[in-house]
Amino acid sequence: MTAVIEVKNLTKRYRDTIAVDDVSFAIERDAIYGLLGRNGAGKTTVMSILTAQNFPTSGEVRVFGEAPYENATVLSRMCFVRESQKYPDDATPTHAFHIARLFYPNWNQAVADQLIREFRLPVKTRIKKLSRGQLSAVGVIIGIAARAEVTFFDEPYLGLDAVARQIFYDRLLEDYAEHPRTIILSSHLIDEVANLLEKVIVIDGGRIIMDEDTESIRGRASTIVGDTAVVEEFVAGREVIHRESLGRITSATVIGALSAEDRSELALAGLDVLPVSLQQLIVRQTQNAAHTDEGALR
Amino acid sequence: MVDEGRPLFLQIAESVEDSIIDGSLSEQEQAPSTNELAAFHRINPATAAKGIAMLTDKGVLVKRRGIGMFVADGARELLLTERRSAFADRYLDPLLDEARKLGLGPDDLARLLAERARTATTKGTSR
Amino acid sequence: MNRTLNVVRMQLVNRATYIWVPLIILGGTLVISLAIFGLIASSGADAEMFGGGAQAPLWYFGVVGVQALTLTFPFSQAMSVTRREFYLGTLLTAALTSFVLAVLFIVGGLIERATSGWGLGGYMFYLPWVWSQGPVVAGLFFFGLAMLFFVVGFCAATVYKRWGNLVLTIVLVSLGFVMIGAMWLVGQLRAWDDLFAFFGSLTPIALTGVMVLVGAMLAALSYRMLRRAIA
């Protein structure tokens, strides 16, 4: 597997905060990655640095084997769709797409036109007069139609309603299936995007706390619910990443697959087993990492 | 359709196996492609591919070069055998556990089973 | 080179900034100047009148310089354009529009010369000193002036993007102090007469040369700052 992006010991320090703390990871070619984490965790900063729109304080970034800064050959193969993008004052979506076509060699107008129809985007209205959702649609259309070899989406769908978001996910998957490329999606709506992601990188407080295949994470944890004493007896010796109690009922989230014997034992003990979704797992892991410092992956 | 607690590729593989077992996908017929499965279930094509790969490794699907994936000869038999041995684990053990909770012994279970099987036959739902 | 030219097209999306507003300002000042010339002429005065209306579009070019950065730089980043391509493309756009403006000024001046000041003896474009070395030099002078204003605006906006509001304000205030300090010094040395004599002896081409030099320095400074600016 070839790594299309390599990051080594990347740190970004502002005057009194460390936005990105000694982060290292590799992005493999033609996979869809989720860059997940809370607001302010460092996702946007990392993506900005990878696209040379921001600069590292220290550390090394390589895209297609080269440093991206002021590197037109590397940059023209990347596309970064941000959350709130500024456009030229008088620009209409049509202008924006014309210009994108000039700069992105793989631009596909047919895809753009289809998306314009599906999002019902008024292309002759000036962008500064568009609603939040329509503005997001412009960014999303550029991101998909540009077909850049490496495409970043930084929560650009925040302004989109649920229907529009589903259109985005569906068209993205469809275009990706026909024209594979590397896609990095940042989101805090994890469950919505979970099925699109092949790999997941979780950032918390500027550090990476998870960097794995989505499929390996699924089923990794379960929630055991029942009488407190019984639950505690079952989870003794297991890694518990979250605990909640109400009266005599406790719900504990444990890491580790449950065998058939485990399930029998649980059924006999009168305990319920609930699956843990990707979002729940990541949320719990993040909360866990905040409490213990061992959460950070180096 | 998606179960949160289990890897998606397994669920995809299972859904294809289900259609082989119930006959909607016959032997020698072309299986849905990775992209078709991905689009239908709205999942990453790589995940769908993993499910297909698993079925190929198992011998349920075969690849015909240049054309695509096809259901292997004997796939249905293979799956039925596998499912039958898993049947006891998946269905009987939980059944027994629950029955125990409710105070139903093996004889009570046998009686209930015979009763229900009769009703099912008259309704015409058995194969 | 292609991508740099595409930056020009990207800039020119802002049609109002680069085309309409300058034309409106130019047209507006022309009309106002003509009206004033007309009033004065009709009241019986017979001398030649020189109006400063030609300045207005030039000052506006400073605004254009600011907007060339603030309105388009963030979008250029989204289009994966390097800062160098953006910089060169924007300067090229500035040169194009300055050229057009200079041509309009020359045409205006030629008309004024031919009609003896719009038939009213009033001149806005045909300022004697500027035209003392002929229309081509006059054109170069206006071109240099427009570019200088543009670069000043662009440079100021780059300072803002690179370091923020506070630093920009400090820079401008400091420049103000420097100006006042220089003026005080000149006064102390009783050098005002010499200063004016010196400026009077300059030819348009010489002043154009000075403007180009200052403009080039500010442009180079802008590029250095742009390389570390964040959209």
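Derivation of every value follows stated rules applied to the coordinates shown; laboratory data play no part. Quick caveat: nothing in here was measured; it's all calculated off a predicted structure. For neighbour counting, all protein chains shown are included, and Cβ atoms are generated from backbone atoms with ideal geometry for every residue, glycine included.
Per residue, the average separation of C-alpha pairs within less than 8 Å and at least 6 apart gives chain B a relative contact order of 21 percent.
So, in Å, what gap is there between the alpha-carbon centers of the range B:26-90 and the range C:80-158? Value for the Cα centre distance between the two parts: 73 Å. The C-alpha atoms of chain B define a longest principal axis, and helix B:106-123 lies at about 60 degrees to it.
Counting Cβ atoms of other protein chains within 10 Å of each Cβ in B:40-53 and taking the mean gives 5. Close amide H contacts of residue B:31 (hydrogens built in the peptide plane, cut-off under 5 Å, sequence separation of 5 or more or a different chain): B:69, B:70, B:71.
Taking the charge dipole of the protein assembly as shown about its Cα centre, with +1 at Lys and Arg Cβ atoms and -1 at Asp and Glu Cβ atoms, the residue from C:74, C:61, A:275 reaching farthest to the positive side is C:61. Highest mean packing comes first when the peptides A:185-195, A:145-155 are listed by Cβ atoms within 10 Å, giving A:145-155, A:185-195. In terms of its C-alpha gyration tensor, the range C:150-227 has an oblate overall shape, because the principal axis ratio a/c (a ≥ b ≥ c, square roots of the eigenvalues) is not below 1.5 and a/b does not outweigh b/c.
From the Cα gyration tensor of the range B:20-105, with a ≥ b ≥ c the square roots of its eigenvalues, which class applies: rounded if a/c is under 1.5, or else prolate if a/b is larger than b/c, or else oblate? Judged from the Cα gyration tensor, the range B:20-105 comes out prolate (a/c at least 1.5, a/b above b/c). Ranking C:213, C:195, C:33 by Cα position along the charge dipole of the range C:2-226, where only Lys, Arg, Asp and Glu carry charges on their C-beta atoms, puts C:213 farthest toward the positive end. Computed from point charges on the beta carbon alone (+1 for Lys and Arg, -1 for Asp and Glu), the dipole magnitude for the range A:217-295 about its Cα centre is near 280 Debye.
Could you list, in their original order, any pairs among A:43/A:86; A:8/C:161; A:43/A:128 whose Cα atoms are separated by more than 21 Å? Pairs exceeding 21 Å: A:8/C:161; A:43/A:128. Decide, for chain C, between rounded, prolate and oblate: order the square roots of the alpha carbon gyration tensor eigenvalues as a ≥ b ≥ c, take rounded if a/c falls under 1.5, and otherwise choose prolate if a/b is larger than b/c, else oblate. Cα axes put chain C in the oblate bin. Each Cα pair under 8 Å and six or more residues apart adds its separation to the average, and for chain A the resulting relative contact order is 19 percent. Charged side chains reduced to their Cβ positions (Lys and Arg at +1, Asp and Glu at -1) give the range C:2-226 a dipole of some 1000 debye around its Cα centre. The GNM of chain A, with springs linking C-alpha atoms under 10 angstrom apart, assigns the highest mean-square fluctuation among A:197, A:173, A:102 to A:102. Pairs of Cα atoms nearer than 8 Å and 6+ residues apart set the relative contact order; for the range B:8-73 it is 38 percent.
The DSSP beta bridges internal to the protein assembly as shown are antiparallel in roughly 70% of cases. Shielding value for A:170-180 is 3, the average number of Cβ atoms from other chains within 10 Å of each residue's Cβ. Looking at the range A:3-215, the DSSP beta bridges with both ends there are about 50 percent antiparallel.
For the peptides B:54-66, C:193-205, the ranking by mean Cβ contacts within 10 Å, running from highest to lowest, is B:54-66, C:193-205. The ranking of A:120, A:15 by Cβ neighbour count inside 10 Å, starting from the fewest, reads A:15, A:120. Under the convention that each Lys and Arg Cβ holds +1 and each Asp and Glu Cβ holds -1, the size of the dipole of chain A around its Cα centre is about 1360 debye. Using the average count of surrounding beta-carbon atoms within 10 Å as a protection proxy, the listed peptides B:19-27, A:84-92 rank, highest first, as A:84-92, B:19-27.
Spatial offset of the range A:182-237 relative to the range A:102-151 amounts to 32 Å, using the alpha carbon center of each. Residues whose amide H falls under 5 Å from that of residue B:61, counting only those 5 or more places apart or on a different chain, are B:56, B:72, with hydrogens built in the peptide plane.
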